[in-house]
Amino acid sequence: MNQLFEHFDFAQLDSPDFKEDSVREVLILPLLKQLGYEQPHIVRSKSLIHPFLKIGSQKRPIKLIPDYLLKVSNNYAWVLDAKAPNENIQSGDNVEQVYSYSIHPEVRSTFFALCNGRAFALFRQDVTKPILYFQLKDIAQYWDDLYAHLAPSAFQMGKRFVYSPPKSAINTAPFDYLSQPLLEEITVKKRAAKRHFGVHGYFTKQAWNVVNQYIAHFSQPGDLVLDSFGGSGITAIEAMMLDRRAIHLDLNPMSAFLVDSLTHPVDLDELKINFEQIKFAYLRHEPISEDAIEKALKKYPYPKDFVLPKGSDVQLIQDLFSKKQLAQLGFLKHLILKKSNKNTQKPLLLAFSSTLNKLNLTYHHSTYATKNAGDSSPMRYYRYRIAPACVDLDLLKTYEKKFSAVVNAKLEIADKINQDTIANLQVMQGTATDLSFLKKESVDYIYTDPPYGKKIPYLDLSVMWNAWLELPVTEQDYALEAIEGGEHEKSKADYNALIAKSIAEMYRVLKFDRWMSFVFAHKDPEFWHLIIETAERCGFEYVGAVAQKNGQTSFKKRQNPFTVLSGQLIINFRKVRRPKYIMKASLGMDIGDIVIQTVEGVIAKYQGATLEQINDELIIKGLELGFLDLLKKQYSDLTPLLLELFDFDKSSECFTIKANKSFTTQIDLHLRVRYYLISYLRRMERENKSAIFDDIVFAIMPLLKNGVTPESQTILSVLEDIAYCVGDGWRLKADGQATLLLISTN
């Protein structure tokens with residue numbers, strides 16, 4: 001790089017004859033070529049029609065003409081404008097002008113730059129000051145940064161499916177954090193872990209086995225795992241179960257109480273003795289009669305006059321309970337607090353807190369099950385709603401059942417979370433916007449499930465539990481809660497700022513070449529772009545999103561396939577030293593091409609794809625490239641298009657490539673080979689015929705004419721991954737399907 005402008009005399013810039021056109025030809029073109037842009041990728045003086053300008057009562061087409069639009073993967077990656085040597089390129093009208101080019105619907109680039117021959121200024125759309133500024137004569141000192149931001153290899157057009165041979169069953173290679181592939185969707189096992197199911201309700205819970213597999217996949221034993229929106233504690237507990245160290249952080253004191261009480265080591269024999277003593281004392285003096293209830297209400301404290309959130313059916317906390325419930329809960333809590341051993345007291349209070357979820361007037365029982373199967377309205381409806389019919393549950397029987405669940409959970413985690421290991425777990429009440437207790441680059445993996453805008457105001461809904469447990473919630477806590485709306489009427493801007501600051505802190509504490517998995521279940525694409533753009537601005541590289549279902553597809557999802565998520569997306573980022581940036585699809589391009597390429601990719605991946613699988617992948621692609629709104633308008637119902645272009649099997653409800661037809665878009669060659677090989681081998685099995693290699697090549701080679709035609713050796717290498725040789729023929733392996741990676745398209 002020291003030679004790029006070695007023979008240029010920068011004193012020429014002082015000459016009145018060295019103007020903007022000279023800057024373009026003498027300095028900018030050599031720079032662009034050195035970055036790696038060939039002539040077809042450099043679009044000069046393209047006229048853009050301004051879509052918004054209206055003068056008086058008439059619309060007038062005003063043309064904008066940027067000097068350079070730089071293309072990657074047939075989309076505009078960034079904009080560059082040349083200026084005369086005496087012009088300002090750090091602020092003012094010139095910067096505003098080039099900014100208007102970058103946000104134009106036909107461009108939509110993240111970066112824009114200006115060069116006046118003397119200096120080079122690089123901006124991001126969302127930053128008012130240059131993110132890189134240097135004198136052109138000093139370009140050698142800044143080249144690495146410039147190349148990392150603007151070279152063609154620095155950009156990606158979303159993700160595509162790429163074939164990867166299956167790994168050996170015995171993998172002796174060292175664990176490589178950076179090269180871990182994305183996980184596929186994981187089948188949810190909701191009730192298979194006593195440490196999570198039945199212990200204590202919470203407003204949202206991640207599927208424990210999904211979290212477990214992500215931690216196992218992206219980290220190693222001994223690594224430090226962080227969840228800064230810890231919630232019910234599944235991340236921290238599963239990290240400990242996998243021999244990792246863990247940090248659980250949440251602003252809600254109820255969350256910290258729940259995890260601390262569940263995980264803190266305790267002598268189970270002593271705990272059971274204490275429970276039996278409480279049970280005996282309770283039964284002797286249980287407030288049942290009206291007189292006993294009145295006496296208990298005067299003698300045993302219960303929370304009073306805590307104001308409930310707006311929209312609640314009642315105003316004060318005591319109105320959520322009958323007098324009998326208040327008296328019995330107050331008496332039971334009194335007996336628990338008499339136990340002086342704090343380690344024993346915690347799990348007893350945890351069972352008490354779980355009992356609160358059922359012993360109140362908002363408890364809605366499930367009519368198809370027992371009266372004990374149900375939830376309080378803040379857990380079920382995210383609102384304090386009095387149930388239409390009061391269910392009079394027996395407090396002690398409910399408490400006994402909850403205590404049993406706590407004991408079973410502690411037994412299940414005893415081997416991994418005990419006196420010897422508890423130092424590896426840190427449970428904290430605090431804000432995700434301030435991780436100052438952690439050193440820079442000290443965390444090995446982050447898995448977190450943040451709040452989703454206005455969906456759940458956690459602190460507002462936790463009033464009942466925090467009040468009974470005497471857990472203080474301050475005005476500062478409310479100010480730092482990343483929600484929209486709520487009692488403190490937070491704006492979308494407030495939410496965006498807090499989420500952005502949280503992501504910045506997570507970036508700071510994560511080690512390089514490590515991963516962050518960010519759970520996203522918001523219905524508004526704006527929040528997706530907030531997460532992606534904030535993460536990229538901090539320095540994260542987006543690697544891909546995985547659709548993760550939680551159950552059956554809802555009616556709302558079926559009615560709005562491109563706006564409603566049927567489960568959630570797990571967005572995966574890496575912290576790398578030279579991140580690649582996602583380019584948004586320019587709105588001038590044919591969205592239909594992306595739709596068909598995505599459909600064919602999903603079909604190739606799954607060997608035939610359901611409408612649900614296709615919709616999910618299109619949501620991800622639409623969110624990645626910023627055209628979800630167009631997708632909704634142009635393809636509100638994909639079915640007619642799919643039935644026209646693809647075969648449909650009613651028994652499997654899967655779409656496939658039409659018989660004897662090839663892929664029409666650029667799908668990875670090895671992936672296409674795999675698709676046709678599996679289809680051919682399955683047909684031979686159905687017809688009870690032997691699949692001879694020469695016949696295989698003859699059958700599928702004509703279907704691979706799109707793109708690069710493979711050699712026989714390429715077909716053989718894929719065949720050996722998915723099938724085995726029997727005599728002179730081939731048969732599919734029972735479990736032998738090659739794995740697929742999601743990688744960037746450059």
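So I456 ticks every box in (1) surrounded by 22 or more Cβ atoms within 10 Å (Cβ to Cβ); (2) under 26 Å from the mean Cα position of the chain (by Cα) but one. Which box is left unticked? (1) is the only condition that I456 fails. The set of residues in the range 72-103 that are within 28 Å of the chain's Cα centre (by Cα) and in contact (Cβ under 8 Å) with a residue 24 or more places away in the chain comprises V72, S73, N74, N75, Y76, A77, W78, S102.
For every residue, the table says whether it meets (1) touching a residue at least 60 places away in the same chain (Cβ under 8 Å); (2) assigned to a helix (DSSP H, G or I); (3) surrounded by 20 or more Cβ atoms within 10 Å (Cβ to Cβ).
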{"residue": "R383", "(1), (2), (3)": "yes, no, no"}
{"residue": "I386", "(1), (2), (3)": "yes, no, no"}
{"residue": "A389", "(1), (2), (3)": "no, no, no"}
{"residue": "Y399", "(1), (2), (3)": "yes, yes, yes"}
{"residue": "S404", "(1), (2), (3)": "no, yes, no"}
{"residue": "V407", "(1), (2), (3)": "yes, yes, no"}
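So which residues in the range 436-453 are buried (at least 16 other Cβ atoms within 10 Å of the Cβ) and either touching a Phe, Trp or Tyr at 6+ places or on another chain (Cβ under 9 Å) or modelled with pLDDT under 95 (or both)?
Residues of the range 436-453 buried (at least 16 other Cβ atoms within 10 Å of the Cβ): 438, 443-453.
Selection gives D444, Y445, I446, Y447, T448, D449, P450, P451, Y452, G453.
If the condition is being part of a strand (DSSP E or B) and closer than 20 Å to K511 by Cβ, then the range 194-250 contributes L224, V225, L226, D227, R245, A246, I247, H248, L249.
Note on the range 230-253: residues that are closer than 16 Å to K346 by Cβ and surrounded by fewer than 24 Cβ atoms within 10 Å (Cβ to Cβ) amount to 1. The set of residues in the range 347-381 being part of a loop (DSSP other than H, G, I, E, B), of a type outside the set (D, E, K, R) and either surrounded by fewer than 18 Cβ atoms within 10 Å (Cβ to Cβ) or modelled with pLDDT under 90 (or both) consists of S366, T367, Y368, A369, T370, N372, A373, Y381.
Scanning the range 508-526 for residues that are in a helix (DSSP H, G or I) and surrounded by fewer than 20 Cβ atoms within 10 Å (Cβ to Cβ) yields R508, P525, E526.
Restricting to the range 417-468, name every residue that is among the β-branched types (V, I, T) and not in a helix (DSSP H, G or I).
From the range 417-468, those among the β-branched types (V, I, T) are 417, 421-422, 427, 431, 433, 443, 446, 448, 456, 463; that's our starting set.
Selection gives I417, T421, V427, T431, T433, V443, I446, T448, I456.
Return yes when V107 is buried (at least 20 other Cβ atoms within 10 Å of the Cβ), outside any helix (DSSP H, G or I), touching a strand residue (DSSP E or B) at 6+ places or on another chain (Cβ under 8 Å) and assigned by TED's automatic domain parsing to the domain that holds V26 and no when it is not. Criteria met by V107.
May I ask you to say which residue of R578, R574 is in a strand (DSSP E or B), under 30 Å from F123 (Cβ atoms) and either out of contact with any Asp or Glu (no Cβ under 6 Å at 6 or more places or on another chain) or modelled with pLDDT of 90 or more (or both)? Steps first, please.
On the way: R578 fails: in a strand (DSSP E or B).
Being in a strand (DSSP E or B), under 30 Å from F123 (Cβ atoms) and either out of contact with any Asp or Glu (no Cβ under 6 Å at 6 or more places or on another chain) or modelled with pLDDT of 90 or more (or both) holds for just one of R578, R574, which is R574.
Scanning the range 120-129 for residues that are surrounded by fewer than 18 Cβ atoms within 10 Å (Cβ to Cβ) and of a type in the set (A, V, I, L, M) yields one hit, V127. Exactly one of (1) surrounded by fewer than 16 Cβ atoms within 10 Å (Cβ to Cβ); (2) assigned to a loop (DSSP other than H, G, I, E, B) is unmet by G117. Its number? The one condition G117 does not meet is (1). Considering L150, L132, the condition of being in contact with a Leu (Cβ under 7 Å, 6 or more places away or on another chain), surrounded by fewer than 18 Cβ atoms within 10 Å (Cβ to Cβ) and not assigned by TED's automatic domain parsing to the domain that holds Q613 is satisfied by L132 alone.
Can you find a residue that is of a type in the set (D, E, K, R), at pLDDT 90 or above, over 25 Å from E711 (Cβ atoms) and touching a strand residue (DSSP E or B) at 6+ places or on another chain (Cβ under 6 Å) anywhere in the range 660-675? The answer is no, given that none of the residues of the range 660-675 is of a type in the set (D, E, K, R), at pLDDT 90 or above, over 25 Å from E711 (Cβ atoms) and touching a strand residue (DSSP E or B) at 6+ places or on another chain (Cβ under 6 Å). Checking each residue of the range 167-190 against the condition of being surrounded by 20 or more Cβ atoms within 10 Å (Cβ to Cβ) and either part of a loop (DSSP other than H, G, I, E, B) or in contact with a His (Cβ under 7 Å, 6 or more places away or on another chain) (or both) gives no match. Residues being in contact with a Lys or Arg (Cβ under 9 Å, 6 or more places away or on another chain) and modelled with pLDDT under 80: count how many of those fall in the range 710-740. Number satisfying all stated conditions: 5. Of the residues making up the range 428-443, just one is in contact with a strand residue (DSSP E or B) (Cβ under 6 Å, 6 or more places away or on another chain), over 17 Å from A500 (Cα atoms) and of a type outside the set (A, V, I, L, M), namely E441. For the range 151-166, filtering for residues that are in a strand (DSSP E or B) and either of a type in the set (A, V, I, L, M, F, W, C) or at pLDDT below 90 (or both) leaves 7. Looking at the range 486-496, is at least one residue charged (D, E, K, R), in contact with a Lys or Arg (Cβ under 9 Å, 6 or more places away or on another chain), modelled with pLDDT of 95 or more and assigned to a helix (DSSP H, G or I)? Checking the range 486-496: not a single residue is charged (D, E, K, R), in contact with a Lys or Arg (Cβ under 9 Å, 6 or more places away or on another chain), modelled with pLDDT of 95 or more and assigned to a helix (DSSP H, G or I).
The values are calculated or read from the model by the stated rules, or taken from the named source; none is laboratory data. Please read these numbers as outputs of a predicted model, since none were measured by experiment. For neighbour counting, all protein chains shown are included, and Cβ atoms are generated from backbone atoms with ideal geometry for every residue, glycine included.
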